[in-house]
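Asker: The structure is given below, and queries will be raised subsequently.
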Amino acid sequence: MTTIVSFMPVYAAAPVSLHLLKADVDAAAERIAALEGEVAVLVPASEAGTVARLRELLGDSARVVEADASLGFVYANDTACACVLAGEKPLPSEVTGTTPDLRLVQGSELLGSEGCRWTWFEGADAPVELPVSTTVAELVAASGVGDAKAVYVGYPTGAFFSADNGGAAVELGSDYVRVYGQASCMASALDQVCQLYRRETCGRCVFGHEGGHQIATIVGDICRKRGKASDVALLRDLCPVMETQSLCEMGRVMARTVLSALDAFGPEVEQHFTKKVCPAGECSAYMTYHILPTKCVGCGECVDACEDEAILGKPRFIHVIDQKACTQCGRCVGACDEEAIVMAGADKPRTPPRPIPIRKR
């Protein structure tokens, strides 16, 4: 049995294992030396000082191997980490835990307390230690985010939860957690997650790589006003197949993540193509520009700035933006000294359908 202890950051924004290692290299070396059997340790090649210190402390009790920190999710797979030991590119060949002679231990697990896990919340400066078995409400409280809307537990757990379901049980299997506020669009949040998976896929199988590409494209289209009613049905058909047929965890976890997001926030996602609005007002493709009748002075500066000829009006008339012709370039906003042009999401200001004379104010 070969035990691989990985201090490679699975998330660049949440380098929990590396953070803990650098905080106390001596304590980490002591725990590594206590492991039985053949032991190998993966450390980013960029951490030359830490690598040298570990080698000095461990001696012959463990092999310290430098690895490429520009990769991420693959370091959560035991067969990918085994490739690094052989001097190869870390490409996973099986799901973690299915190779009997390999055991992968994340540094954050090795250096944590029993029954707890070090977790890095999005935007935090350092990780915090939380119980492995927790709830949505406890994660929200630990994050410090007020008026929370959603909780996302990252790879390799991969799940979205509604903050309204505070009692839902969560098994922390990831170093990374993000809590979203009420102003966040969950379609956009899912799009960001899918784009990350798209960059992290290893390319070893059709379901993981091509399936991941298709999912990221579909979710991206929904956020860019190109979605259609059949998209959600297609995602629900594709994801269960990916969840069982992908070669390693990347495709499986991505599929599970998408399904959890649709289960928790399906109606909000669907409004992007059923009502052609982003309820949270975050997706820029759904934002529109409007001229406020109470502020417009009919100067015509916005007309001159609009290269799409989408603004209708003449001197001393309240100007109106033709939404069909507007490309949301935003040049008109900068041209208006009266600050009469605003961007709106689902809630639109009342404006006249056509230019009308300005009344005395």
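Asker: Given R₀ = 51 Å, FRET efficiency for Arg316-Asp164 by Cβ-Cβ distance, to 0.05? Each step should come with its number before you reach the end.
Answerer: Working: r = 51 Å, r/R0 = 1.00.
Efficiency computed from Cβ-Cβ geometry: 0.50.
Asker: Right, another one. How about segment 284-361: which GluC sites (Glu not before Pro) there lie in a loop by DSSP and see at most 11 other Cβ atoms within 10 Å?
Answerer: Working: sites: Glu301, Glu307, Glu309, Glu338, Glu339; in loops: Glu307, Glu309, Glu338, Glu339.
Passing both the DSSP loop test and the Cβ count: Glu307, Glu309, Glu339.
Asker: For His213, what accessible area in Å² do you get when you roll a 1.4 Å probe over the heavy atoms of the protein chains, rounding to the nearest 10?
Answerer: 70 Å²
Asker: Add -39500 (n - 2.57) for each DSSP H run of 4 or more in the chain, then divide by its residues: what number comes out at 222 nm, to the nearest 500 deg cm²/dmol? Please list the in-between numbers first.
Answerer: On the way: 12 runs with 133 residues, N = 361.
Helix contribution divided over all residues of the chain: -11000 deg cm²/dmol.
Asker: I've got another one for you. Top to bottom by accessible area (1.4 Å), largest first, where do Leu54, Leu20 land?
Answerer: Values: Leu54 0, Leu20 25 Å².
Of Leu54, Leu20, the descending order of accessible area is Leu20, Leu54.
Asker: Which of these, Val269, Val342, Val105, has the largest mean-square fluctuation under a Gaussian network model of the chain (Cα springs below 10 Å)?
Answerer: Largest GNM mean-square fluctuation: Val342.
Asker: Name the helices (complete DSSP H segments) of the chain with a Cα length along the long axis of 24 Å or more and a Kyte-Doolittle mean of at least 0.0, or state none. Could the numbers behind the result be given before it?
Answerer: Values: long enough: 206-223 (25 Å, 0.54); 249-274 (32 Å, 0.03).
Helix filter hits for the chain: 206-223, 249-274.
Asker: On to the next question. Could you tell me the distance between the Cα centroids of segment 318-361 and segment 218-273, to the nearest Å?
Answerer: A separation of 36 Å, based on Cα centres.
Asker: Enumerate the lysines that Lys149 could reach by cross-link, defined here as Cα to Cα under 26 Å, with residues fewer than 8 away along the same chain left out.
Answerer: Within the straight-line limit of under 26 Å, Lys149 reaches these lysines: Lys225, Lys228, Lys275, Lys276, Lys348.
Asker: Give me the percent relative contact order of the chain, please, defined on Cα pairs under 8 angstrom at least 6 residues apart. Could the numbers behind the result be given before it?
Answerer: On the way: 714 pairs, mean separation 43.5, N = 361.
Across the chain, relative contact order equals 12 percent.
Asker: Find the relative contact order for segment 82-186 and round it to a whole percent, using C-alpha pairs within less than 8 Å whose residues are 6+ positions apart.
Answerer: Values: 160 pairs, mean separation 25.8, N = 105.
Rounded, it is 25 percent for segment 82-186.
Asker: Roughly how many whole Å is it from the C-alpha centroid of segment 56-100 to that of segment 178-195?
Answerer: 31 Å
Asker: Are there GluC sites (Glu not before Pro) in segment 39-90 that DSSP marks as loop and that have at most 16 other Cβ atoms within 10 Å, and which are they?
Answerer: Passing sites in segment 39-90 are Glu88.
Asker: Of the accessible area of segment 236-361, with the probe set at 1.4 angstrom, what percent is carbon plus sulfur? Mind dumping the intermediate values first?
Answerer: Details: 3510 of 6950 Å².
Within segment 236-361, the accessible surface is 50 percent carbon and sulfur.
Asker: Please calculate how many Å² of accessible area the chain carries per residue, with a 1.4 Å probe and no DNA, RNA or ligand atoms counted.
Answerer: Details: 16990 Å² over 361 residues.
So the chain comes to 47 Å² accessible per residue, rounded to a whole number.
Asker: While we're on this one: Rank Lys348, Lys324 by accessible area, highest first, at a 1.4 Å probe radius?
Answerer: Working: Lys348 90, Lys324 200 Å².
Order by accessible area, largest first: Lys324, Lys348.
Asker: Something else now. For a quick check of understanding: with a 1.4 angstrom probe and all protein chains in place, what accessible area in square angstrom does Ser70 have, to the nearest ten?
Answerer: Surface open to solvent at Ser70 totals about 90 Å².
Asker: On to the next question. Putting +1 on Lys and Arg Cβ atoms and -1 on Asp and Glu Cβ atoms, find which of Pro355, Gly330, Ala264 reaches farthest to the positive end of the dipole of segment 237-361.
Answerer: Going by the Cα projections, it comes out as Pro355.
Asker: How do Phe161, Phe121 stack up against each other in accessible area, from largest to smallest, with a 1.4 angstrom probe? Mind dumping the intermediate values first?
Answerer: Values: Phe161 45, Phe121 15 Å².
The ranking, largest first, comes out as Phe161, Phe121.
Asker: How charged is the neighbourhood of Phe73? Take every other residue with its Cβ under 12 Å from the Cβ of Phe73, and add Lys/Arg as +1 and Asp/Glu as -1. Intermediate results must be reported in sequence, preceding the final value.
Answerer: Working: positive: Arg198, Arg199, Arg252; negative: Asp175, Glu200, Glu249.
Its environment carries a net charge of 0.
Asker: What is the log10 of I(q)/I(0) for the chain, computed with the Debye formula using one identical point scatterer on each Cα and no solvent, at q = 0.09 Å⁻¹?
Answerer: -0.62
Asker: Taking a probe of 1.4 angstrom, what is the accessible area of Lys228 in Å², to the nearest 10?
Answerer: 110 Å²
The values are calculated or read from the model by the stated rules, or taken from the named source; none is laboratory data. Because the structure is predicted, anything quoted here is derived from the model rather than measured. Methodologically, a virtual Cβ is constructed for each residue, glycine included, from the backbone with ideal geometry; neighbour enumeration extends over all protein chains shown. Only protein heavy atoms, including side chains, enter the accessible area calculation; ligands, DNA and RNA are left aside. Shrake-Rupley method; radii C 1.70, N 1.55, O 1.52, S 1.80 Å.
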